[in-house]
Structures are given as structure tokens and as C-alpha cells.
Amino acid sequence: MKLPAKLFTSYVVLVAASTVALVLATDRALRGRLMREASAEVTRETAYLARAVGTLRGSDLDSLVHQLGRATGHRLTVITRGGVVVADSDFPVDQLPTLENHAARPEFREALAGRTGTDLRRSVSTGRWELKVAMPIEGGAVRVSTPLPQVDAVVADAQNAVLLGGLLALAVGVVLALGFAREVARPLLRLREAAQSIARGERPVIDVRGRDEVGDLSRALSALEENLTRRMGELERERSEMTALVASMVEGVIALDGSGTVTTLNPAARRLLHLAPGGPPPPALELFRQRPAREALERALRGAPAAELQVELEDRTAMLSADPLPGGGAVLVLHDITGLKRLETVRRDFVANVSHELKTPLTVIRGYAETLAGDPLPDAERREFVAKVLANARRMQQLVDDLLDLSRIESGAWSPAPERLALAPLLHDVWSGLAPRAAAAHLVFTARVPADTILFADPQGARQVLVNVLDNSVRYTPDGGSITVTASPAAGGLRIEIADTGIGIPGEHLPRIFERFYRVDPARSRELGGTGLGLSIVKHLVEAHGGRVEAESRLGTGTTIRLFFPEARRA
Ligand code: ADP
């Protein structure tokens, strides 16, 4: 049943019940009162009759009884002690013998016992309610009976009035109740609507003006809704922050719920696992093809404590940590360590390379030194051995110098202090150091450098770059070859090309010649006094200036190293 109907029904039931109660109460109260009054009067009348009858008998008694009966309108009866009716205002004297004995009537029984008897009962002859009061007299008893039409009528009238009033109240009440029920129910119904819209996640309309309890309830609901909206807003913001955070993370993040369904898969994780961006996440067990990773995931889903393991993905290596979540599910974090692994390899290779590079000359030095320390040698041999020791010591010196240079540049401890340098004299100066060796190999050197060419670079750095590149050209160019240096302006700087007609570099080696210790032919390089670090130092130096270095080469034809230095930025 709806609220207005409930309110209405209870009102109607209330009014109807009160009306019925009133009718019953009226009957009881009024009838009692009227009866008391009627019986007092009838008792007075009976007392009068008793006194009037006195000792009268026979026709005198009969005429008195009829006379008084007419005067009062009541039935008057006189009986003997034996209960025989001797006079009755309702019957002529000749009919009296037909009347039955009255001694057993309750009121007469009392009167014959010497007391006033009263009885109210339905008359056998008339069928109406009659009040009968009897009193003793000399030799018998008298009785006055009166029907109680007034009592019934008055009570009926009063009841009718009450009933009418009740009906009227009901009619008015029905109208009022309808309005009232609606009035009371309307704000409650509106509240219900508001609560339902909150439940649906919509913004409700809440009227908070009421001053009654419903108004209080509305205000409470409104406050609740505001709190809820604010909390939801905060949660939403936190959630989008978290989503953005997870999305921007370098680490791959995968979250799984209790049933093992993937709920979060950030872009880094997609990249690492080679999953198309934006597509639906795959089932948890299809995330990894690697058995250990799958097992770690299953363990985490079962709630086993956090585990960390290295996983070899298709083209990358990652550390996978799988943590169970407190409420079920798990979170997996993939940390890409490919770069670290590569660095580790580079570091290992580097240590191995350095050790190897140092070991060779050291072994030679030790060998000759031991021989020299033994029996005295012929002069020529001794000189030759000492020269070998010296040459290898120089080589070690060169290697250590190159390594120190490289580490200084790489560590950032050194940074170029560029100046405007005249390139032609610098080149000339550098070449003069190499010229004797070049001349011995009959190499033709050409410098196509305009006299006013300015190089904006660190003097020491620029010198070392030119020395290293030209030294390579001299070393790797066979007798009779040529070396040409060309300087020309390029967009935003200066280009210097060092071209030789040397042995050239095979295509597959070309991309790696700038790596540390990378040599096309290690034995030959060593023989020629190379350390394998020259071009690596060149690359680092040029790049420290903000420049670039490239190599172009054809096997057996020659090599061109192209350097680019940016020009001084005008303040
Ligand atoms: P190295 O001390 O061995 O010369 P670099 O770093 O200077 O070391 O050069 C690396 C490698 O590049 C050399 O070992 C050589 O194989 C190759 N290379 C460099 N310059 C030339 C060149 N001008 N002609 C031919 N090969 C060269």
C-alpha cells in the first residue's frame, strides 16, 4: 500500500472507530442516566400509590386505580399477599380473574418480602421494555409499570445525532485526510525520488526549506549527497591521477583481480609484451610465454609472498616482481633492464679489453727484461731488446693516456672551452708531427682550407681530434697514397673532411669503428701502434662540442671521416 493510501486509510479507520465508540458511550451514559431518573420517578409514584391505596378494597380500590392510571398514564396493579391481582388500571374488574398470579414477578417478590422491588423487562403482552417498581402495602403490594419509550427515543435521538456528527466528521475528514495524506506524503515522495536519483548516480533535486522533521531529513539527505559527491569527486580525481601515473610509468604495470582477470595494463607493459596499444587485455595466463613468469603470476594470485625474477622477453630482459594484493588479485611490475644488461656487458668487455691490451705489452716487456737481467748480451742484441722494452712501454703509456682521456671526457669531468681558432695553422701544426712518417710512406698531403677558416673549438680538443683522425689516415694508407683535408662552411657550422686513399673499412664494420676497442683487424692495428680508442675519443670530443662525426669508406679505395663543428652562437 502506498504511503498516501496508508495515511488516508488510518485516518478513516480512526474516525469510524471513534464514531462507533461515541455511539456506544452515548447509549451507556444516556440510558443509565435516563433509567435512573425514570426509576426515581416511578418509585415516587409507587410510594404515592401505596399510600393512596391504604386499606381500600373492592370497587373503591378499582376506581382509584383506574383513575390514577388514567391520570399518570402508567399501569397500576394491586395484588394480594397471595399474588392475586385485585385491581389493574389496564383491565376492568371482571377480567381480573383471567390474569395469572403475580407473586413470582421479581418486583412483586421483593415487595411481598417487605422491600421496594424494581425490574426492567420486556412486557409479554406489549413486547416493549417496561420499568416496574413494586412496594408492600397492608395485605399485599402495589406496582407501577411504565414503558420506557422516552428512554429509547432519547437514546436513539442522541445516537442518531452522534452518528450524523460522525458521518459528517468522516465526510469532512475524508476530504481533509485526502489532502493531508497527500500533503504529508508529497515531501516524503520527493525525498524518495531524490534518494533514488542518488542511487542511480544522478544529481537529485532536494527541497531543504521545510521546518519540520521532513525538512530535517531533506537537509540530512542533501548533506549526505554533497558529501557523497565530494568524496566521489576526490576518488575520481585520485583514480585519474593514479591512472595517469601508472600510464606514464617507465615500468610495465599489470594488475589482476581475484579471478585473475587483467584490470590494468599500462602502455609500458604493452610495449614490453608486444601487445597492440588500446586492444583488450589478454587473459592473465596468456600474458607470458615464459614458464617462470607464468608460475610467479599464479603464485601471486594464490597469495604467495612477493617474488622477483629475471624474465627474458622476446627482445628485452626485464625484472618481474609479482605481489599479491591484500583483497585478492595481484600486481606485476616489469622493470626493463635491457639497457642495464647491455651496460653490464659493455663494462665486462671493457675490463676484458683493457686487461688484454695491457697484458700483451707487459708480457713482452717482462720477457725482454728477464733476458736482459740474465747473462750479459752482445751490445747490438741488448740495444734491440731495450728498444723493444721501450716501444712496449710507450704503447702501454699510449693506452693508459687514451683511457684516461676517454674516462675524463665520458665522466663529464672535462668540458670544452671553445675558442675561435684559425684552422689552417692548426692543421699545419698537427700535420708537421705526422709528416716524417707520411714522407717515409710517400704520402701526398693536401689541405683545402681557406686561410680565413675559423674553427670554434677547444684548442686541445680540436688538436687531439685532428691528430687521431690524421694518424689513422697515415697508418691505414699504403705507400704512395694521398690524404686530403677539406674545410667548408655547413649549415650552422664548419665541416672538415679528412679523406684518404687507404685500405678502407668493410661495410659491416663501418657502424662500429667509433666504439671503444673496436678494430677491423686487431692484430694489424696493434702492430701499427693503435689502441682501438682513437676514433672513440674523436667521437666523444666532437659531440662534447655539440658536433657530429661520420665515416664513409670503400674497401680498398679509401676512407673519409667527416667532422662537423657548430659555429659560435652569437650572443
Ligand atoms: P686504432 O687505434 O685501432 O686505429 P681507432 O679507434 O682509431 O683505433 O680506429 C678504429 C678502427 O677503425 C681501426 O682499428 C681501423 O680498423 C679502422 N680505421 C680507422 N680509421 C681508418 C682509416 N682511415 N682507414 C681504414 N681503417 C680505419
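For the stretch 58-72, the Karplus equation 6.51 cos²θ - 1.76 cosθ + 1.60, evaluated at θ = phi - 60°, returns couplings of x, 5, 4, 5, 4, 5, 4, 4, 5, 5, 5, x, 4, 5, 8 Hz by residue, with Gly and Pro reported as x. The lysines within cross-link reach of Lys359, meaning a Cα-to-Cα straight distance under 27 Å and a gap of 8 or more places when in the same chain, are Lys341, Lys388, Lys539. Here the relative contact order of the stretch 230-286, from alpha carbon pairs under 8 Å that lie six or more residues apart, stands at 26 percent. Shown is the FRET efficiency for Asn101 and Val154, computed with R0 = 30 Å from the Cβ-Cβ distance and rounded to the nearest 0.05: 0.30. Enclosing the Cα atoms of the chain in their convex hull gives a volume equal to 350 cubic angstrom per residue.
For the stretch 405-518, the percent of C-alpha pairs falling in each 5 Å distance bin, counted from 0 to the bin holding the largest distance, reads 2, 10, 18, 21, 18, 19, 9, 2, 0. Across all Cα pairs in the stretch 341-408, the calculated P(r) in 10 Å bins from zero up to the longest distance comes to 19, 37, 24, 14, 5, 1 percent per bin. Note on Arg57 and Ser355: the model spin-label points, each 7 Å out from Cα along the C-beta direction, lie 16.6 nm apart. Ignoring any ligand, DNA or RNA, what whole percent of the accessible area of the stretch 483-561 comes from carbon and sulfur when the probe is 1.4 angstrom? Of all accessible area on the stretch 483-561, carbon and sulfur atoms account for 49 percent.
As I understand it, the value is the acute angle between the Cα axis of helix 459-476 and the longest principal axis of the Cα atoms of the chain; what does it come to in degrees, rounded to 10? Computed tilt is about 60 degrees.
Between the Cα long axis of helix 149-199 and the first principal axis of the chain there is an angle of about 0°, rounded to the nearest 10. The alpha carbons of the stretch 250-322 stretch over 30, 25, 21 Å along the principal axes, in descending order.
Taking the DSSP beta bridges with both ends in the stretch 415-566, the antiparallel portion is around 85 percent. I need the shape label for the stretch 303-455. Rule: rounded when a/c is under 1.5, else prolate if a/b > b/c, else oblate, with a, b, c from the alpha carbon gyration tensor. Oblate is the answer for the stretch 303-455, as a/c is 1.5 or above yet b/c matches or exceeds a/b.
Across the chain, C-alpha contacts under 8 Å between residues 6 or more apart give a mean separation that, scaled by the residue count, equals a relative contact order of 7 percent. Were the residues from Leu245 through Arg209 laid out at 0.36 nm apart, the gain over their Cα-Cα distance would be 8.5 nm. Think of the stretch 415-566 as a dipole: +1 on every Lys or Arg Cβ, -1 on every Asp or Glu Cβ, centred on the Cα centre; then among Gly481, Ile513, Val549, Ile513 lies furthest on the positive end.
Sites count as exposed loop sites when they are GluC sites (Glu not before Pro), lie in a DSSP loop, and have at most 12 other Cβ atoms within 10 angstrom; the longest stretch of the chain without one is 315-507.
On full extension, the segment bounded by Gln398 and Glu41 gains 113.1 nm, given 0.36 nm per residue less the C-alpha separation. The stretch 395-458 and the stretch 9-25 have Cα centres separated by 120 Å. Taking 20 °C and 1.002 mPa s as conditions, the stretch 3-153 diffuses translationally at an estimated 125 µm²/s according to Stokes-Einstein applied to its Kirkwood radius (Cα pairs). Taking every protein chain into account, the accessible area of the chain amounts to 58 square angstrom per residue (probe 1.4 Å). Over the stretch 193-304, the pair-distance histogram of Cα-Cα distances with 5 Å bins from zero comes to 2, 10, 14, 14, 11, 9, 8, 9, 8, 7, 5, 3, 1, 0 percent, rounded to whole numbers. Comparing Cα centroids, the stretch 260-312 and the stretch 543-566 end up 45 angstrom apart. What angle do you read, to the nearest 10 degrees and between 0 and 90, between the alpha-carbon axis of helix 423-440 and the longest principal axis of the chain? It is inclined by approximately 50 degrees. Normalising the average separation of contacting C-alpha pairs (under 8 angstrom, six or more residues apart) by the number of residues puts the relative contact order of the stretch 3-153 at 22 percent. Rounded to 0.05, the FRET efficiency of the Ser18 and Trp129 pair, given R0 = 25 Å and the Cβ-Cβ distance, is 0.30.
The values are calculated or read from the model by the stated rules, or taken from the named source; none is laboratory data. Note that the structure is a prediction, hence the values are computed from the model and not measured. Note that we place each Cβ from the backbone using ideal geometry, even for glycine, and neighbour counts take in every protein chain shown. Keep in mind that these areas ignore ligands, DNA and RNA; they rest on the heavy atoms of the full protein, side chains included. Shrake-Rupley method; radii C 1.70, N 1.55, O 1.52, S 1.80 Å.
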